[in-house]
Amino acid sequence: MRYKTRLILIVLAFCIISCGATRGERVNSADTSGMQKMHTTAYCLHGVTANGGTTRPHIAACNPRLGQIAVIYSLDGKYLYTAEITDKGTTNGLIAGTVIDVWFDTYEECEEWMRTTGGRCYVLWMDGKG
């Protein structure tokens, strides 16, 4: 494993721990002021991403200008997921604007994600972008 990949995985683990929320825990509505409202989708294709990375839990694709680590909340303020932005959608240009496409292992998890989010979420960018 390359040094940069290891470092990103360590930062991702730190962000998951330090965001201070467990799945389903709410944040105060005032806390959403620093978050970006986005559309969300889910995919479960196994193999290689558009940028050549391997699909795995806690990765997502989005516009490359938005950020590197995303902490995702529902519109009612519940913590849902933390993802490393490994696939920037630059190869095929399909991920544009304020869309975050989250990878899951199964189709059922994708369906649950879409039911839970309704296709909309808040994202807190842990690297100060967004």
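Values for this structure:
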{"quantity": "Test set (1) charged (D, E, K, R); (2) at pLDDT 75 or above; (3) surrounded by 19 or more Cβ atoms within 10 Å (Cβ to Cβ) - residue 115 fails condition number", "calculated": "(3)"}
{"quantity": "Unique residue being in contact with a Cys (Cβ under 8 Å, 6 or more places away or on another chain), small (Gly, Ala, Ser) and either surrounded by fewer than 13 Cβ atoms within 10 Å (Cβ to Cβ) or at pLDDT below 90 (or both) when the list is 47, 89, 67", "calculated": "89"}
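The values are calculated or read from the model by the stated rules, or taken from the named source; none is laboratory data. As the structure is a prediction and not an experimental result, all values here were calculated from the model. Counting neighbours? That spans all protein chains shown, and the Cβs are built from the backbone with ideal geometry, glycine included.
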